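Reviewing the structure listed below.
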Amino acid sequence: CTKNFEKINSNPDATTTVSSAALLSDALVRTSTVDMESRFNYCHAFMQYGYSSFWSGTTYVISDGPASSLWNNFYTPVLTSLDYLINQTKNDATQASTYAAARIWRVFIFQKLTDFYGDIPYSQSGLALTDKVYTPVYDKQQQIYASLITELRASIALLAANSSQTVQGDQFYSGSASQWKKLGASLLLKVGMRLIKIDPTQASSLAKEAVADGVMTSNADMPVLNHSTTFANGIYTVVEDGVEHFFLHKTLVSEMQNADDPRLPIYGAVYSAPVSQGGVITDDMPADFIGYSFSSSDPQPTVRINASVFGQQATPFFDYQYAEVAFLEAEAVVRGYITGDANTFYTAGVTGQMQSLALLPTTPTITTAQITAYLTQNPLPATAEAQIERINTEYWLAAFAFDGEDEYANWRRTGYPVLTANPGSVSKTIPRKMVYPQSEFNLNNANVNAALAAYGNQNTFNSSAIVWWDK
Amino acid sequence: RGFSQKINLNETNTPLKKVLQQINKQTGYAFFYDSKDVANKSVSVQLKDASVEEALSKCLQNQDLSYKIIAKTIVLQQEDQVTKSSGMAPAPIVIKGKVTDDKNETLPGVTIKLKNGTASTVTDINGNFSISVPDDKAILVFTYIGFTPQELPASASSAMVVKLLPASNSLDAVVVTALGIKKEEKRIGYSITQVSGEEVSTTREPTFVNALAGKVAGLVVQSPPNGDGGSSRVILRGYSSFSGSNQPLYVIDGVPINSNTRENTDDQGKVYGGSDPGDGLNSINPDDIETISILKGASAAALYGGGAQAGVILITTKKGKKGAGVGVTFNSNTVFEKMIPYDNLQTEYGRGYYGRIYTAADDTVSFFYGGLGNNSGDPPGWSWGAKIEGQPFLDIDGKTKPYVLQSAAENFDRFYKIGITSTNSVALTKGYDDGSYRISLSDTRDDSPTPGEGYERYNAVFNLNQDFGKRFHTSFKVDLSRVLRLNAPLERGDGRGSMGQSYPRIANTTDITLLDAKDASGNFLSTYTANPYVQIEKVKNDQTQNRVLTSANLTYDITDHLHANVITGLDYINTDGVFAVFPNNVTNNSGIYQTSTYQQQRTDVRGTLNYDTKFRDFSLTVLAGVESQNASQYSLTMGGSNFIDPSQLNFSNLKTVNLPTELHSPRSETNSVFAQADLGYKNYLFLEVTGRNDWYSALTSNLSNSKNYLAYPSANLSYVFSDALHIDPKILSFGKLRAAFGQTGSNPTPQRTDLTFTSQGALNGIPLSEVTNSAAPPASLKPEVTTESEIGTELKFFGNRLSLDADYYYKKSDNFLLPITISNSTTFSSVYVNAGNMYDKGFEVLLAGTPIKTRDFNWDVSFNAAKNKNMVTALAPGLGTGIDLYYNIEARVGYPLGSIFGSTYQRAPNGQIVYQLENSQTGDSGTPNSVIIAKNSGDNYLGTANPDWSGGITNTFTYKDFSFSFLIDGQFGGQVYEADAIWTNYFGNSKASLLGRDGTYIPNGVINTGTASAPVYVKNTLPYSSYIQFNDNGNADKIINQSNVFSRTFIKFRQVSLAYKIPKSILRNTFIRSATFSLIGRNLFYIRKDLPTFDPEASDSIGTGFGYDSGGSPTSRTYGFNLNISF
């Protein structure tokens, strides 16, 4: 009498089996379609890219919604899909490259999580299914980083050994294992360069290792996710669909105006009102742009993020720009970690980044002449420290919209660009670690409280709340 | 003239009946026969001077009829019957008579059986009967549902006049128990309450079960003000589960029906706003209900196994009665409904802020006045203004008017009209020799007090009972219903316009009709949240439910003591919904449109074998059976937004159309076997043992350690000590002790045991799939189980003038199955687990009596009360502090389920309230000039939603043909989190907001001049500012949860009715058999209510989130009349 029970109890609108391709594809797409509250509300505010009255980040106050969105959206569904995929493919030699790609992307996600929150559940995350772990312990960032490095090395080796095998469900490189290997190496470079303060020796050796493995060498190597109206770019949900059609910050606008940056009219425009209220562009002359200023005596801001470029559902998303790789290499050269010409990497970074904007909707190509003029006006300075500042200022300009959370880490790592904290804030310093989601105190109380010991025993922006590599 | 003994006949093909008449004429012998035995028979006979015997044997030759002559009567009988009755038996006697009830009303359809024989008949439409019995020592047994069976010796000498007494006063009352088994009450070892259909049909509620409020001990009924057709909350003996809604299983004529509320489903608008989609109970026509049996405990319900965890409500519908002839009943009911205005609001200060009236200088809104910088977009404003003294003020329409109170009563009268609900039902019954049928039609139309809101219900029920021969009995039922809900109210803080949402949030000097004013472009006045006129004019929320409830019940008597029965039932519901918000400036600029269709199907097939026997002093009934239940659901929803033409509802008129959502789940099957043995000893000691085993599809998976079945045992013992100990019946007419133990369970939620994936479509040509619902499958699963023990007694004194029924129960529920939220860092957001345990314990008392009983006047009193205590005893490890059920409502170990948690008043060690310094107005600088209560934030226990006590008292007075009855019920203890109180406080509308308005109230409390960790308390000397406490210049950040928690205690004058039964003497010469006219009133007023302004019975959720109310519609009282006529 129970023989049909399993069938009856199966969900008719779903399946119990899933292809690796569909899971990897989903994880890659979700990475840039999910709600980006954390990245805009906090990272964009901290990095003085912009200002919105909806953002708590401008005044450095704690707001659980945006503080937890990166956590919530990356752990589920992105890591849900990746963990399942990794388990499904780990013993399948025919899917070795897919397995390796999934592990690389898992590193990509976890680095963003730990850079943002510090110590987080890592070793016991994703064990709900297999080991019924519902309250995972928090791992030290140092251990997480060690594991990320191991994971990247293993994945790069696996891709090298299976270079002809197609990565299934690849949204970036049409399944090319060698391209994924470059992405893995580029990630190893980024992971390594995070350690310059805490462990320069390891930073240096990892940079060497990454470059030897073969990092991205052009825009053609960068992972670009082409969104559609159905799978809208996450920036769209903040800018166009939401009500946070934010102003550009004076810090950014002034920097770009002073540098005659041809990217400024692509990044911003003067709007009559937020687009959600029917606002239209009324002025696109960079010289007229007035950014948001912390000082209330300054004029009211006029320039908002350019919604026709970034606020479109089908705007492609750059998860990891070639320019970032080039700038990391330039800095690694300056620091003596790797050999090469810092200026070459610097020039390649600026050029690559300006050229990559042509991939965005309604964006005219920035001409070679404009790029040359910009580089002439903003050359790599002479001294090492000035070079590092220049490189990382360009890193900041490049990470606008797409990689605010990475820039937030890069700024903490290098101290550049030099930002003046909002004098109107209570703390008067830019926070250096995001607070944990409030839900963790309900659902994983003992573990989150144990983790707080390293951060002043408070879930606040306090002076002890600094991640390991930032010490 | 004399009769001849000689008979002459010359007939050819003459009907037998005529020939018999001839014989009668010629001889004077009377004939007695069953007309059907004689019908269609004809004879050809030639006789001259024949004897009676000769004539009869000639006439009856080859007619299968035999005759007997008794005195001057000739009895004809079918040959086979004669042979069956003892061959040598004396001649039969015909007994005639009439059966009436205790009020001398004739009873049609009473079954009369020959004791220890086969002869049986039923009374006709006038209560008359005739039955032939073998001899003058025969005993006749009279039985009739709802009446005490009677055994009387047959009396042939004169017509018998038999009076049957209603069962409710009797010792041998028959009640309907699990699986529809009728049992003598004395045999039952657990608590069961049976109420008649009249209880729910006279004082009419659209959903029948709502009319049971206050009438049954241990049954708590709440009908949240969600509009007619909304879900009802029915709780039997407290909570049994964390999950689901704790609603009982409803079984109609043996078939479980679909009564799930869709409240907690993923329907649009479930708990956060939207409307209550209802629970399917309201489609039942109360006029069709014969009796309702309430199986409160696990022992009573154990035969239903899983699904009966929260108790069972058995409904038996009216049927035609065999042989009762034709009857027509007409019932007409009209009730008027008037909304009850909010009470207890402050009436002293009007619209404004900082104690002053708005002026033109405050105007920052071009069309309407009153938009302040800090109050912009809310012209109706706050009641934090000046003292209302009729001085001129600038109203929201820009006109200067006298500053006068616009009371809730006035505004309610402006907004609402008197609602009218009319119900007309007609039922036709016909009974014939081997069957009966009943056809009932009913039409309910409710024009709600809210303009545009309404409810309509149409029922057509056909019920057929048909015997095929003596052994095969069948019964079929089809109940077709159609329910329309027009513009069902939007609830639970829905900002799209309900009065409950908006009224606490407008100033008390605002004439509500001003909210209906529009500017030149048709824009409404902007309001803080909802504008009730927007709901009327711009929201469309219609639901149409079509339902088929059908069943077949077949019984075959294999022998007189062995019966086989098969019941099959189908419940099919199709609900179509339309939800639209037309473009408007208040709630949605571009408009939204959604349509949905739900199909719910439930089938049940059950077969039982039943055997009864007697040996020496024992009687034994055993029963065994199998059952298979299936349920499935299908839904399709479509939606879009952005209207092109602002007035058209169709998908081509939308700029944005979303992908449709289609679901073919949940679906489930449960298969079961069950058995019951009922052993009686000497009519005073009874033991019943039952067992059932359910196999659930919902717990079946490829998980190695899951268990998909559970056995539910029960046993109960009844000891009628009054009989056993031969107690003087004049003092104790009946005394019973009972004890019971039983287990029930819940039907688990299907499709939770496997990890599944759902396609998300494709991007760049590559498909995407994701884990469905992001819920991790369980590690192991056990079915939920509720184990209950109860003991009780039933005592009747002084010839049943006083009766007491009391019981105590202890109910333990384990292994709650529910999806619990887990940290996202697990990569899942929830997991389905066995998550906790709890218990309920309590007792129930029913006390009934007849203090006065004379020939013309009767006074009956019935009082019931129940106490229940619930406690959560365990949660799954790793669940942290508790489970959030709904906003401030949680499940936490050591507290009752559904307790309220939140911030409290800070108190010094000596208990004094701690105040903190504030400026009385925002913008004041310098030394603080006032105080507010300091907040102790965090999750502190604030109370429980569950009442300690509930009960009711009904008084009924009858004088001749008049009867007057009223019900008062109440609940004592328990709290409510009244989220609307936040808003009456914030807007300065509550009486609480009056405290300290004039700046002179200096509260007796302390101020902490030290630090939080090292407090130094000094006496407070500054005045209190309710404005900062409750409003804080629009920030509302100083509000303390504790100030929104109120006692739920109430006593309500629930129901009153005055009925006049038109006397028989008047109706004698008409075609009307009986007529009753009654005046009725429901929910008239509260005798006591601790919760100011709002309704203590209102709640956002009928499930475990009960206890949090955020703005349901105000409640109403109804009054009207009922006319019942039988032809």
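The values are calculated or read from the model by the stated rules, or taken from the named source; none is laboratory data. Keep in mind it's a predicted model, so treat the numbers as computed, not measured. All Cβ positions, glycine included, derive from the backbone under ideal geometry; neighbour counts span all protein chains shown.
Looking at (1) in a loop (DSSP other than H, G, I, E, B); (2) surrounded by 16 or more Cβ atoms within 10 Å (Cβ to Cβ), which is the one condition that is false for B:Glu456?
(1)
Condition first: facing chain A (nearest Cβ under 7 Å), outside any strand (DSSP E or B) and either buried (at least 24 other Cβ atoms within 10 Å of the Cβ) or of a type in the set (Phe, Trp, Tyr) (or both). Can you find one or more residues in region B:813-823 that meet it?
yes
Identify the residue in region B:1003-1021 that is among the hydrophobic types (A, V, I, L, M, F, W, C) and within 17 Å of B:Tyr905 (Cβ to Cβ) and, among all such residues, is modelled with the lowest pLDDT. Spell out the reasoning first.
Our first condition is that a residue be among the hydrophobic types (A, V, I, L, M, F, W, C); within region B:1003-1021, this holds for B:1006-1007, B:1012, B:1014, B:1016, B:1018.
With the extra rule that they be within 17 Å of B:Tyr905 (Cβ to Cβ), the set shrinks to B:1006-1007, B:1012.
Numbers: B:Val1006: 96, B:Ile1007: 95, B:Ala1012: 83.
If we take residues in region B:1003-1021 being among the hydrophobic types (A, V, I, L, M, F, W, C) and within 17 Å of B:Tyr905 (Cβ to Cβ), then B:Ala1012 is modelled with the lowest pLDDT.
Scan B:Ala698, B:Ala715 and give me the residue that is of a type outside the set (D, E, K, R), in contact with a helix residue (DSSP H, G or I) (Cβ under 9 Å, 6 or more places away or on another chain), more than 30 Å from B:Gly799 (Cβ to Cβ) and more than 10 Å from every other protein chain (Cβ to nearest Cβ).
B:Ala715
Find the residue count for region A:2-24, including only residues that are at pLDDT 95 or above and in a helix (DSSP H, G or I).
The total comes to 5.
Taking B:Leu768 and the conditions (1) at the interface with chain A (Cβ under 10 Å from one of its Cβ atoms); (2) in contact (Cβ under 8 Å) with a residue 60 or more places away in the chain; (3) not acidic (Asp, Glu), which numbered condition does it fall short on, given that it satisfies the others?
(2)
Tell me which of these B:Pro729 doesn't satisfy, since it passes every other one: (1) within 14 Å of chain A (Cβ to nearest Cβ); (2) outside any helix (DSSP H, G or I); (3) at pLDDT below 90.
That leaves (1) as the condition not met.
Within region A:144-258, which helices (runs of 4 or more DSSP H) (wholly inside it) include 2 or more residues that are of a type in the set (S, T, N, Q)?
Answer list for region A:144-258: A:177-193, A:200-213, A:250-258.
Just to be sure I understand the filter: pairs with C-beta atoms under 8 Å, separated by 6 or more residues or on different chains, first member in region A:145-167 and over 14 Å from A:Ala102 (Cα atoms), second member part of a loop (DSSP other than H, G, I, E, B) and hydroxyl-bearing (Ser, Thr, Tyr). Which pairs pass?
Filtered contacts from region A:145-167: A:Ser147/A:Tyr122; A:Ser147/A:Ser123.
At negative phi and either at pLDDT 90 or above or among the charged types (D, E, K, R) (or both): is that true of B:Phe1071 in this structure?
The answer is no for B:Phe1071.
Please verify whether region B:895-907 includes one or more residues that are within 31 Å of the chain's Cα centre (by Cα) and on the phi > 0 side of the Ramachandran plot.
Yes: region B:895-907 contains one or more residues that are within 31 Å of the chain's Cα centre (by Cα) and on the phi > 0 side of the Ramachandran plot.
What number of residues in region B:889-917 are of a type outside the set (A, V, I, L, M) and either closer than 19 Å to B:Asn834 by Cβ or within 14 Å of chain A (Cβ to nearest Cβ) (or both)?
Residues that pass the stated criteria total 3.
Can you say whether A:Gly404 is surrounded by fewer than 22 Cβ atoms within 10 Å (Cβ to Cβ) and small (Gly, Ala, Ser), as far as the supplied structure shows?
Answer is no for this residue.
How many residues does region B:469-483 contain that are surrounded by fewer than 18 Cβ atoms within 10 Å (Cβ to Cβ), over 21 Å from B:Ser201 (Cα atoms) and either touching a strand residue (DSSP E or B) at 6+ places or on another chain (Cβ under 7 Å) or modelled with pLDDT of 95 or more (or both)?
4
Could you say whether any residue in region B:658-680 is among the aliphatic types (A, V, I, L, M), more than 13 Å from chain A (Cβ to nearest Cβ) and buried (at least 20 other Cβ atoms within 10 Å of the Cβ)?
No, because not a single residue in region B:658-680 is among the aliphatic types (A, V, I, L, M), more than 13 Å from chain A (Cβ to nearest Cβ) and buried (at least 20 other Cβ atoms within 10 Å of the Cβ).
Quick one: in region B:143-185, of everything that is modelled with pLDDT under 75, in a loop (DSSP other than H, G, I, E, B) and closer than 24 Å to B:Ser299 by Cβ, which residue is nearest to the chain's Cα centre (by Cα)?
B:Ala173
How many of the residues making up region A:57-93 are crowded, with 23+ Cβ neighbours inside 10 Å, more than 14 Å from every other protein chain (Cβ to nearest Cβ) and farther than 17 Å from A:Thr17 by Cβ?
Going through region A:57-93 one residue at a time, the tally reaches 3.
Test of understanding: among B:Asp998, B:Asp939, which residue is in a loop (DSSP other than H, G, I, E, B) and charged (D, E, K, R)?
It is B:Asp998.
Specify which of the listed residues (B:Tyr1086, B:Tyr1119) is farther than 30 Å from B:Lys960 by Cα and assigned to a strand (DSSP E or B).
Sole residue among the options that is farther than 30 Å from B:Lys960 by Cα and assigned to a strand (DSSP E or B): B:Tyr1086.
Starting from residues that are within 14 Å of another protein chain (Cβ to nearest Cβ) and part of a loop (DSSP other than H, G, I, E, B), keep the ones in region A:25-51 and report whichever is modelled with the highest pLDDT.
A:Val34
Out of B:Ala762, B:Ala779, I need the residue that is out of contact with any helix residue (DSSP H, G or I) (no Cβ under 6 Å at 6 or more places or on another chain), within 10 Å of another protein chain (Cβ to nearest Cβ), surrounded by fewer than 21 Cβ atoms within 10 Å (Cβ to Cβ) and part of a strand (DSSP E or B). Which one?
Criteria check complete, one pass: B:Ala762.
Quick one: how many residues across region A:312-337 are surrounded by fewer than 24 Cβ atoms within 10 Å (Cβ to Cβ) and assigned to a loop (DSSP other than H, G, I, E, B)?
8
What's the number of the condition A:Phe54 fails, among (1) crowded, with 23+ Cβ neighbours inside 10 Å; (2) away from chain B (no Cβ under 11 Å); (3) among the aromatic types (Phe, Trp, Tyr)?
Exception for A:Phe54: condition (1).
When you go through B:Gly849, B:Gly902 one by one, which is the residue that is of a type outside the set (A, V, I, L, M), farther than 30 Å from B:Pro1015 by Cα and part of a strand (DSSP E or B)?
None of the other options fit; the residue is B:Gly849.
Every residue in region B:824-861 that is within 14 Å of chain A (Cβ to nearest Cβ) and either surrounded by fewer than 17 Cβ atoms within 10 Å (Cβ to Cβ) or under 30 Å from B:Thr786 (Cα atoms) (or both), please.
B:Phe828, B:Ser829, B:Ser830, B:Val831, B:Tyr832, B:Val833, B:Asn834, B:Ala835, listed by residue number.
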